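Structure incoming, see below.
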Amino acid sequence: MAFRDNISFGVTMFPTDQAIQPVDLAQAVEERGLDSLFFPEHTHIPTSRQTPFPGGGDLPEMYWRTHDPFVALGAAAAVTQRITLGTGICLVIERDPITLAKEVASLDVISAGRFVLGIGAGWNREEMENHGADYKNRWKVVREKVLAMKEIWANDEAEFHGDYVNFDPLWSWPKPTRPGGPPIWIGANSKWVFDRVAEYADGWMPIGGLGSGNMARMEEALSARGRDVKDLDLALFGAPMDTDQLKGRVEQGFDHLIFTLPPAGPDKILPLLDQCAKLAAAMR
């Protein structure tokens, strides 16, 4: 796949109480000419630790110290003018769709349309079950919640009747700045992600890169629904800190390259942001 136009570069970090705070981080990202800032989400981590950490080993402490992403991104929106702000990812399965629809729309309006809703279903069974979520059917629930939010964003009187989400006509404002709501990017790498993106998302945000044949699978899934991969946002999370490797990812089709920062203080984060900015400048 050829290089895309308008390649953007951003960062993601767990915004914990022990790290550089969201306001300072957002300002530093914008000052360095980077394009986006993404925050992940975990409302809590059960102390039972029954679900193994997908990354292997002990679960890092940052998972239970992170700020609420919408509060953190709202603070970031207030002190920036240009950068895209997004969740990477929002655990939709753990949130009420009517409340989430309003949070998303509010942040999108407050940021003047700079918000991207990155979503996923999560991996921690006990965390979800503490919210009363259905772990086995989590992606079915996520799908209905997203479709229900789209109804709220698009209609003055919205209603939705599904297997997991059900409400009669309601009023809810503000509406997002873009018709139908902000871009929705799905963060997943499973064999089912292609159909999910094709059905109800605007972008795909895998971590680390593409498996063999995955771009072809995405193109096939989109084509089956009358869509074109050229219109899809392709965001690489965990982008390599190396120019040659970055060029390879762009050649794969990625147009949003997101570097991962550790949850650390300014003394460590600011030099890393300088490095990210230099890599971005070399690629532009």
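Report, ordered by the first and then the second residue, all pairs with beta carbons closer than 6 Å, sequence separation of six or more or different chains, a first member in the range 191-214 that is within 20 Å of V92 (Cα to Cα), and a second member that is in a loop (DSSP other than H, G, I, E, B) and small (G, A, S).
Going by the 6 Å Cβ cut-off, the qualifying pairs are M205/G187; I207/G238.
Here's another thing I want to ask about it. Determine, yes or no, whether K278 is of a type in the set (K, R) and closer than 30 Å to G33 by Cβ.
On the way: of a type in the set (K, R): yes; closer than 30 Å to G33 by Cβ: yes.
Taking the combined requirement at face value, the residue satisfies it.
Something else about it: Check whether at least one residue in the range 189-199 is at positive phi and either under 20 Å from the mean Cα position of the chain (by Cα) or of a type in the set (A, V, I, L, M, F, W, C) (or both), and report yes or no. I'd like the intermediate steps shown before the answer.
To start, the set of residues in the range 189-199 that are at positive phi comprises none.
No.
No value in this document is a laboratory result; all are computed from the given coordinates. Because the structure is a prediction, the values reported are computed rather than measured. Please note: Cβ atoms are built from the backbone with ideal geometry, for glycine as well, and neighbour counts cover all protein chains shown.
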